[in-house]
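Single-structure report; data block below.
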Amino acid sequence: MKILYGVQATGNGHISRARAMGKYLAKAGVEVDYLFSGRPADQLFDMQQFGDYEVKRGLTFVTQAGKVNYWQSFWQASVKTLKQDIQALDCSQYDLVLTDFEPITAQAAKQQNKRSIAIGHQYAFLHDIPMQNANMMTRMVFKHFAPAQYQLGLHWHHFNQPILPPIIDEEPQNVAAQSNQVLVYLPFEDQAQVIAMLKPLTDYLFSVYGPGLSKATLGHINTHPLAVKPFKIDLASCRFVLSNAGFELISEALQLQKRILVKPLNGQMEQQSNALALQQLNLATRAERLSSSIIANWLNDNSEKPKVAYPNVASAISDWLLADTPDSINTLSQQLWQ
């Protein structure tokens, strides 16, 4: 079996899911070619697992200081390049096209009538799940941006819909959790402002990851450039996770029983909806803005949160793909949520 796997590279969560899926597809002897879009190639990191992958421009949103800048997003978009990349992509050599909200592979498969399956959190929004600030435009984006013949939506709860639990790239780390350690990942915020907010909170040790940061120690604050292995180690050893409301990191933090504070990205319906779902499920604390006092109150809040334990979804999807039973999504969903 030969698969073309398209991955939206604007967020590291899509890539993390592809890492998890790739391990089980390789184990099953499936030949996979990867195409990433939405981020320049020189900004990708730790990509050795994906072999000789392709990178295309694709489409992405520009963010500044925690908000989506739609004006800059419009000016940086190149619809002409996107159309050319879709038309140039030949899917004929593949048995299947997988897409994790990646538009080039999805649209090429649609145009060439190639069997296609979508995997990702965004496809959960095609169902009746908690949503905030949803409108006709957002619904059109989720439906038409990266379509496929079959969709596997992922979420933290089934909400009585045929969606699946999260795909988690689990790598057991032989480290002990530290009661005062906090992992901070706020890539859409101004990093200098983030560090300034953490400076007064000297009772805690902060490991801060973000774009543009270098490895440095500032008293009780350690800053790090983006890298998979050290990030995984700090995630395993922390007690607290402070982040935006992206899906994949929150999924991993929930699986590891971490206490979570999310600050959803302003103007981004998906993150706003994620934060709403976490509130409704009582799995995390939500803040619309951040300050030293807000973070301190969260760190000192000892109220218990529900515990979750998700199954190995990547392995199950890999087996499901090889079984070639795309009409059985409801059955797959029910089995995984048991």
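The values are calculated or read from the model by the stated rules, or taken from the named source; none is laboratory data. These numbers come from a predicted model, not from an experiment. No Cβ is skipped: glycine too gets one built from the backbone with ideal geometry, and neighbour counts run over all protein chains shown. Accessible surface areas use protein heavy atoms only, side chains included; no ligands, DNA or RNA. Shrake-Rupley method; radii C 1.70, N 1.55, O 1.52, S 1.80 Å.
The mean sequence distance of close C-alpha pairs (under 8 Å, at least 6 residues apart), as a share of the length of the stretch 226-318, puts its relative contact order at 24 percent. Return the Rg/Rh value of the stretch 85-188, two decimal places, where both radii are evaluated on C-alpha atoms and Rh is the Kirkwood radius. With Rh from the inverse mean 1/r over Cα pairs, Rg/Rh is 1.09.
When the charge dipole of the chain is built from unit charges on Cβ atoms (+1 for Lys and Arg, -1 for Asp and Glu) and taken about the Cα centre, the candidate among ALA245, ILE117, VAL194 whose Cα reaches farthest toward its positive end is VAL194. Kirkwood radius and radius of gyration were both taken over the C-alpha atoms of the stretch 269-338, and their ratio Rg/Rh is 1.16.
Whole Å is fine, so just give me how far the alpha carbon centre of the stretch 2-44 lies from that of the stretch 265-323. Answer, in whole Å: 23.
Counting protein heavy atoms only, the stretch 115-156 has 57 percent of its accessible area on carbon and sulfur, 1.4 angstrom probe.
Where both bridge residues fall in the chain, DSSP classifies roughly 10% of the beta bridges as antiparallel. Working from Cα pairs under 8 Å separated by at least six residues, relative contact order for the chain is 16 percent. If you roll a 1.4 Å probe over the stretch 197-251 with all protein chains in place, what percent of the accessible area is carbon or sulfur? Answer for the stretch 197-251: carbon and sulfur cover 61 percent of the accessible area. Per q in 0.16 Å⁻¹, report the Debye log10 I(q)/I(0) for the stretch 156-276, using one uniform scatterer on each alpha carbon and no solvent. Per q value, in the given order, log10 I(q)/I(0) is -0.79. Give LYS80/LYS110; LYS114/LYS232; LYS215/LYS305; LYS27/LYS143; LYS83/LYS143; LYS83/LYS114 a once-over and call out the pairs whose C-alpha atoms are over 26 Å from each other. LYS114/LYS232; LYS215/LYS305; LYS27/LYS143, as the Cα separations exceed 26 Å there. Taking trypsin sites (Lys or Arg not before Pro) in DSSP loop conformation with at most 11 other Cβ atoms inside 10 Å as exposed sites, the chain has its longest uninterrupted site-free stretch at 1-214. Dividing the alpha-carbon radius of gyration of the chain by the rule-of-thumb value 2.2 N^0.38 Å gives 0.97. Any idea what % of Cα-Cα pairs in the stretch 80-126 are farther than 13 Å? The answer is 54 percent, as a whole percent. For ALA148, no residue 5 or more places off, or on another chain, has a built amide H under 5 Å of its own.
The aspartates and glutamates whose alpha-carbon is closer than 19 Å to the alpha-carbon of LYS263, local same-chain residues fewer than 8 away aside, are GLU189, ASP190, GLU248, GLU252, GLU288, ASP301.
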